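Q: Sharing a structure here in structure tokens format.
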Amino acid sequence: MPELTENPTTYDVVAFYKFVAIDDCETFAPALKQAMLDRDVMGTILLAEEGINGTISGSQPSITQILEIIRSHPGLDDLDTKRSHAPTHVFNRAKVKVKPSLISIGADVDPTKTVGEYVDPKDWNALISDPEVILIDTRNDYEHYAGTFQGAVDPKITRFRELPEFVHKNFDPKVHKKVAMFCTGGIRCEKSTSWMLEQGFENVYHLQGGILKYLEEVPQEESMWKGDCYVFDERVGVNHDLAPSEEAKFCPGCGHALTTKLRCAPEYIAGKQCSFCPKS
């Protein structure tokens, strides 16, 4: 397929993941990276024996070609995506890495075999409005601070592998009969539900496609999402229209999401520190 040379006025930003057995990561990775370089597609794709996870940006034709290559791989033909847009590349290079796992929860779980119940974005509001449902945000504290679902529990974690300890301290499968979990694109909450089922929780749900798919499909006037969605690229955050947020920025000192109000705080020094930075 020929290299694309057009200069797009907007770039597609596409996030995707799938838990599925991949046994040729070492050969798939360099071929996939070269395909990205040939088409000026930037971003990071992770490959592991348990699946694929990535976010990439590029022109629409280039992104389409990369997705065709990925979906031609055994087990990835039905790969789902979350799509947004940006005026420029939101990454500065192309990376394809082979890892022991896509993301670690600090325990051995196999989401290729058992996960909780997927909930379509259109059905999510009804589920989390059920007073018997415990809604857990599986993301880091600074992500939660930028925006979250109405009524969500913030575990106040700084990395995903801290989530099990939080659950053990605060929830009991004999008492908490219904648990719903969510994250940015779906991968963390899906792995979380696999772990939760192993702990004896019976009715465990997760938002299919994550927050990004919810914002893509649920009209803002019907939405139960409040704030911006933190993303791990140069946009920092996206609003309900999936456009780069003018509110969310991040502190280079600690990585915390910062609203306009927080950037006006006396502790804030542009490019250096914010009120969430560790006190010296």
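One line per residue, one yes/no per condition, for (1) in contact (Cβ under 8 Å) with a residue 24 or more places away in the chain; (2) assigned by TED's automatic domain parsing to the domain that holds K18; (3) more than 29 Å from F250 (Cα to Cα):
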site	(1), (2), (3)
D108	no, no, yes
Q150	yes, no, no
F160	yes, no, no
P173	yes, no, yes
M181	yes, no, no
I187	yes, no, no
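Q: Just to be sure I understand the filter: pairs with C-beta atoms under 7 Å, separated by 6 or more residues or on different chains, first member in the stretch 120-137 and touching a residue at least 12 places away in the same chain (Cβ under 8 Å) and closer than 11 Å to V153 by Cα, second member surrounded by fewer than 20 Cβ atoms within 10 Å (Cβ to Cβ) and acidic (D, E). Which pairs pass?
A: D137/D154
Q: Collect the residues in the stretch 208-223 that are in a loop (DSSP other than H, G, I, E, B) and within 10 Å of the chain's Cα centre (by Cα), keeping them in residue-number order.
A: G209
Q: Still on this structure, please answer the following. Name the strands (runs of 3 or more DSSP E) wholly within the stretch 85-143 that hold at least 2 residues that are over 18 Å from G185 (Cβ atoms) and at pLDDT 95 or above?
A: Result: 94-98, 133-137.
Q: Something else: What is the residue count in the stretch 224-249 for residues that are at negative phi, in a strand (DSSP E or B) and buried (at least 18 other Cβ atoms within 10 Å of the Cβ)?
A: 7
Q: Over 23 Å from P30 (Cβ atoms), without any contact (Cβ under 8 Å) to a residue 60 or more places away in the chain, polar (S, T, N, Q) and surrounded by fewer than 16 Cβ atoms within 10 Å (Cβ to Cβ), is that true of S72?
A: Against the criterion (over 23 Å from P30 (Cβ atoms), without any contact (Cβ under 8 Å) to a residue 60 or more places away in the chain, polar (S, T, N, Q) and surrounded by fewer than 16 Cβ atoms within 10 Å (Cβ to Cβ)), S72 does not qualify.
Q: Right, K169: surrounded by fewer than 16 Cβ atoms within 10 Å (Cβ to Cβ) and in contact with an Asp or Glu (Cβ under 9 Å, 6 or more places away or on another chain) or not?
A: Here the answer is no, as K169 does not meet what is asked.
Q: Another question, then. Within the stretch 8-67, can you find the residues that are in contact (Cβ under 8 Å) with a residue 60 or more places away in the chain, assigned to a strand (DSSP E or B) and in contact with a His (Cβ under 8 Å, 6 or more places away or on another chain)?
A: Y11, D12, V13, S57 - these are the residues of the stretch 8-67 that are in contact (Cβ under 8 Å) with a residue 60 or more places away in the chain, assigned to a strand (DSSP E or B) and in contact with a His (Cβ under 8 Å, 6 or more places away or on another chain).
Q: Looking at the stretch 42-52, is at least one residue closer than 20 Å to E234 by Cβ, of a type in the set (S, T, Y) and touching a Leu at 6+ places or on another chain (Cβ under 8 Å)?
A: The answer is no; no qualifying residue exists.
The values are calculated or read from the model by the stated rules, or taken from the named source; none is laboratory data. What you see is a predicted model, and the numbers here were worked out from it, not measured in a lab. Here Cβ is always computed from backbone atoms with ideal geometry, including for glycine, and neighbour counts include all displayed protein chains.
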